[in-house]
1. When only residues in the range A:73-127 that are away from chain B (no Cβ under 13 Å) and among the small types (Gly, Ala, Ser) count, which is nearest to B:GLU635 (Cα to Cα)?
2. Could you list all residues from the range A:182-197 that are touching a residue at least 40 places away in the same chain (Cβ under 8 Å) and within 11 Å of A:PHE150 (Cα to Cα)?
3. Given (1) under 23 Å from the mean Cα position of the chain (by Cα); (2) more than 24 Å from A:ILE60 (Cα to Cα); (3) more than 14 Å from chain B (Cβ to nearest Cβ); (4) of a type in the set (D, E, K, R), where does A:LYS164 come up short, assuming only one miss?
4. Inside the range A:75-103, can you point out the residues that are in a helix (DSSP H, G or I), touching a Phe, Trp or Tyr at 6+ places or on another chain (Cβ under 7 Å) and surrounded by fewer than 20 Cβ atoms within 10 Å (Cβ to Cβ)?
5. Looking only at residues that are of a type in the set (Asp, Glu) and more than 12 Å from every other protein chain (Cβ to nearest Cβ) in the range B:77-116, which one is surrounded by the fewest Cβ atoms within 10 Å (Cβ to Cβ)?
6. Can you confirm whether B:VAL575 is β-branched (Val, Ile, Thr) and either in contact with a Ser or Thr (Cβ under 6 Å, 6 or more places away or on another chain) or away from chain A (no Cβ under 14 Å) (or both)?
7. Taking the conditions exactly as written (touching a Phe, Trp or Tyr at 6+ places or on another chain (Cβ under 8 Å) and either under 22 Å from A:ARG400 (Cα atoms) or in a strand (DSSP E or B) (or both)), does A:VAL450 satisfy them or not?
Amino acid sequence: MMAAFTVARSSGGLFSSLRVSFRNFANIKHGAAAASSPKSALLPDRRWYSVSHLSVKERIEQKRKAALIGGGQKRIDAQHKKGKLTARERVELLLDPESFVETDMFVEHRCSDFGMEQDANKFPGDSVVTGRGRINGRLVYVFSQDFTVFGGSLSGAHAQKICKIMDQAMTVGAPVIGLNDSGGARIQEGVESLAGYADIFLRNVLASGVVPQISLIMGPCAGGAVYSPALTDFTFMVKDTSYLFITGPDVVKSVTNEDVTQEELGGAKTHTTVSGVAHRAFENDVEALLNLREFFNFLPLSNQDPAPIRECHDPSDRLVKSLDTIVPFESTKAYDMLDIIHAIVDERDFFEIMPNYAKNIVVGFARMNGRTVGIVGNQPKVASGCLDINSSVKGARFVRFCDAFNIPIITFVDVPGFLPGTAQEYGGIIRHGAKLLYAYAEATVPKITVITRKAYGGAYDVMSSKHLRGDVNYAWPTAEVAVMGAKGAVQIIFRGKENQAEAEAEYVEKFANPFPAAVRGFVDDIIEPSSTRKKICSDLEVLASKKQVNPWKKHANIPL
Amino acid sequence: MAAYRQAVLVDRLLFTLKYASCQPCCGAVNHWAQYSTATACDEKTFDKILIANRGEIACRVMKTCQKMGIQTVAVHSDVDSSAVHVKMADEAVCVGPAPTAKSYLNMEAIMEAVRLTGAQAVHPGYGFLSENKEFAKRLAEEGVTFIGPDTHAIQAMGDKIESKLIAKAAKVNTIPGFDGVVKTADEAVKIAQQIGYPVMIKASAGGGGKGMRIAWNDEETREGFRFSSQEAASSFGDDRLLIEKYIDNPRHIEIQVLADKHGDALWLNERECSIQRRNQKVVEEAPSTFLDPDTRRAMGEQAVQLAKAVKYSSAGTVEFLVDSKKNFYFLEMNTRLQVEHPITECITGLDLVEQMIRVAKGYRLQPRQEDIPINGWAIESRVYAEDPYKSFGLPSIGRLSQYQEPLNLSNVRVDSGIEEGSDISIYYDPMISKLVTYGSTRAEALARMEDALDSYVIRGVTHNIPLLREIITHPRFVSGDITTNFLPEVYPDGFKGHQLEAQSRRELLASAAALYVTAQLRSQKILGPLRVSSAPMERGFWELCVELGGQQHHVQVTKSGDLYTVEADGEKVDVCGQWNLASPLLPITINGAERMFQCLSREASGTIVLQYMGTMFKLQIMSQRAAELNSYMPEKVPEDTSSILRSPMPGTVVAVSVKPGDTVAEGQEICVIEAMKMQNSLTAVKQAKVKSVHCKAGETVGEGDLLVELE
């Protein structure tokens, strides 16, 4: 009900603004046509009539010029001094040279209160630069908030510009990248600004799962504004210059009496390590934008496109000898799942998502024989690779993104189970763990699973098991698929009996190996680790034409 | 002796077949004979030999055993259970946990392994139990042959003091100022003063350069005494020390001898081992550029005299110091196979391990002295997992994520005991391999060494190839003008990597720029039918800004096919290559000349790390515009490290000399870290109060771990 209302309202807004511009355009033309015949004789050097001293052509030029310098050189210098680039410089770096096609350069805010109507307070384009362009030749829509104009604050016009390119992106089927650098709502505009946020939120939601949406936070982003990045698929941040929080340190102090700095409250480090709000952080604007270009190349343009395939120099049948010795003999000893991932994927190129948050699970993008794949792996190096609340949520969100955008998922399993304890139970591990289970079960993209070592208990089921429609499930010779570790199992089966050690050895012999799963067909094959890359590449080739459809529903009800 | 005894497990898996596929990695099959196989046709030696060692030397010995049709038994610690030497052996026995004292030095467990497997003989390799008379004795008691000299010879030569007395008696030149056992620091100073500075202090029982320190004054003598006695105690369980006259500008030249049980002995020419760091050898060659035939014969004959004097049998090495006037002095005799034995094998064509096995069985030596040739020239580089930028090499550890030996080149031999995926751990010697090249002349061997070092792919650990490459191309080394002080003399401020000249800088800039453009273009190559058509930039000209070593270079790149014309620093360079972005090796033709580059990393931010001339160079490549904008980016201030002491390498904390609240003077010792049997004293960079101590003696620390904070 609410949503429908907003759609109606905002599209009304769109139409009315269109009407406005049309009216202006018509007026001028009309005036020129009407006035040209009687006046032309008097002023032969004037080709048309104008109310100001300047010709329209000159005014266009002037407006364009004004739009290009945003809030003016002084503010640009201030922006640079802070170690930040301007909105336009950012767009320039992000996109292929000369590929940017700008829209709404002439849009101005429509506020007439508090002296905002004065010419000095009007900036062509207002506080955001919008348009489309190319990244490595591929289409993308982009908006870049301009901190030099009213601190990048969001006016009705600002929101309208963003909504316009988002609508276009949706109709064409191309991703949207938002470069956020905004002080917040345009307070002078009041509810107009709030409405603008909601218009964007709605579009974020409608576009979710249709086109990839990426937010790069390059300055402040506070209050309600944070929900737009939060709704997008990926949020990246720039270290030391970007902040995300609902309320700033001053309000926090007055409400909860906590002393906290901006950086501690909502800096890149906080959000990439503690809160899990941001997916990655970069050193500075330039590094962030260059990395974003690289990241963009992994993504399909929309949910109508298959995972992109880039030219690949790494042989798909490359044997990876180092994998044969990577899993230690002692099943309690840790190893680095990233070593396995790097060795298997094309050119050791792995774009990790959330590398510093819930490190007991590793997720990220890579390519196999050129084709983009999503990689999920338990990380035995951190908390034995167990699943807990944070890692489940991290994994689930990543799996759902891949599924939404036709990106095959490769899962490396070494999981001893879910993390026990009151902190986890009270925190709702049942509910959160279910998300990962849900995400894997729901996913219809090609799913390939490699059990490298432990696959214990419920966590075995969760991690893209055969039972959740895994297409190809492999086990390495070191795999142990069991309900639990030998010690725990024996204590239950042989409770109170003697010869526990003997029973344990028997259990190990029986279950601490890949056979119980293999004889039941729960793994398709037991493979030499060195052949893993070769096998996965060939499986992906076949699975490229996989078709699987879930039952019709309005939408599913993931346990949020 | 061992407090710990693990149940000995026999690993019944035979890995021989598996290993067969990676055979070439232990030695190239080339048109030149590494060592002859002619002698061993119908001689029966042993059925089964146990190799009481690990790593490359264990593999090296097994290789000859396989050639001779002898079954092999490997021993290993638990962390080594999937090591190459274990896979290569016919049988393998676990002899204990990782620390060497509990595994490779665990005589009980090794004796048990011998019994269990029924090995008839034991080859000890070098290090570990190779010069342990007790071990040799126990083997003899059980009727197992020790492949090495008799206990008597080991004992006689193992003790530095006794060995000199014997050498003197055998009319071998010895170093003046020889002295006895030292008990206290004061006594050490007194002796040192009598001899006259400089003096050398070392553990009596130690082999090689381990624990050897040079003192130029009383204070250094005290310090040297303290360190050497500690090290002697920890490494050899014997804290006796030796102080003697230190010869300035010396060369370290050693004679390989080979003796049988029938009183015959041969000298197999010399090895020049003067290139050392902290008295450990880095680059060796055979023959020496310095010796004339007369000196060579004189040294060889003295070496044989000594061998005969102690009734030596098996292979051994007599080390000499040679001064600038070609006077030579006996240093010590190593009663084992030396690390650097391959270069002798290269120039003489003999397989020393085979000879050792034959001699141990009691066969007579076959070749006569006049049959021992010097064929060509051989050079050995010891490739270590260590950081050469820190005092010419501090150990580093890690997993070899990528590893590729340059065996595609002819006249290259690589003796190694690791493979891709192996771990270099803190428990053992950080040697990765011995890279040996051979040529009919020294220049040929050196040129081949350059190629081999350039094509050697090692990823995952820091290695010393940058230093090796610099040494073998240094004009002083090339001309043969070397001493054991070569490294400190040539790099008085420490090793800083290859210094680029105008031309080599241009080549590096051009290659990096071409690689960058290749990667940029490849990013646009999205295959398959596209719903939304792509609009790749079709251009053949790039203006780039390349930052190298803090300097920005304007670089213009024009591309036509695989050929890039790069204008860097105002001069044009033609760069041509395969441009495989997945390969670690990048063979590139620059202005017609072939160069081998290695790409270590390539990041989205434009950072490319290339290995060129052995050294790793980090370049930052951006479009002109991106570079302009990049100038607005703030410099991130690195952490002030003067008040923080971090461990420069992984190892064990031996001693912490300060506690919180202490005031330390600049240069004062804060703690001592032991890694790979080396004790490293860490000192304060400034005068300050100790804020907190984060380590304690006995703890294991990783590289970069916080040890002590100062205020």
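The values are calculated or read from the model by the stated rules, or taken from the named source; none is laboratory data. Quick caveat, the model's predicted, so the values are computed rather than measured. Positions of Cβ are generated from backbone atoms using ideal geometry, with glycine treated the same way; all protein chains shown enter the neighbour counts.
1. At the first step, the residues of the range A:73-127 found to be away from chain B (no Cβ under 13 Å) are A:73-75, A:102-127.
In the following step, the residues that additionally are among the small types (Gly, Ala, Ser) were identified as A:112, A:115, A:120, A:125, A:127.
Details: A:SER112: 42, A:GLY115: 40, A:ALA120: 35, A:GLY125: 32, A:SER127: 28 Å.
This residue is A:SER127.
2. Result: A:SER182, A:GLY184, A:ALA185, A:ARG186, A:GLN188.
3. The failed condition is (2).
4. A:HIS80 - this is the single residue of the range A:75-103 that is in a helix (DSSP H, G or I), touching a Phe, Trp or Tyr at 6+ places or on another chain (Cβ under 7 Å) and surrounded by fewer than 20 Cβ atoms within 10 Å (Cβ to Cβ).
5. Taking the range B:77-116 first, the residues of a type in the set (Asp, Glu) are B:78, B:80, B:90-91, B:108, B:112.
So of that shortlist, the ones also more than 12 Å from every other protein chain (Cβ to nearest Cβ) come out as B:90-91, B:108, B:112.
On the way: B:ASP90: 17, B:GLU91: 24, B:GLU108: 15, B:GLU112: 18.
Here the residue is B:GLU108.
6. Numbers: β-branched (Val, Ile, Thr): yes; either in contact with a Ser or Thr (Cβ under 6 Å, 6 or more places away or on another chain) or away from chain A (no Cβ under 14 Å) (or both): yes.
Yes.
7. For A:VAL450, the condition - touching a Phe, Trp or Tyr at 6+ places or on another chain (Cβ under 8 Å) and either under 22 Å from A:ARG400 (Cα atoms) or in a strand (DSSP E or B) (or both) - is met.
The rows are residues; the columns are (1) part of a strand (DSSP E or B); (2) touching a Phe, Trp or Tyr at 6+ places or on another chain (Cβ under 6 Å); (3) hydroxyl-bearing (Ser, Thr, Tyr).
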| position | (1), (2), (3) |
| --- | --- |
| B:GLU56 | no, no, no |
| B:VAL93 | yes, no, no |
| B:ALA98 | no, yes, no |
| B:MET111 | no, no, no |
| B:GLY127 | no, no, no |
| B:SER130 | no, no, yes |
| B:LEU139 | no, yes, no |
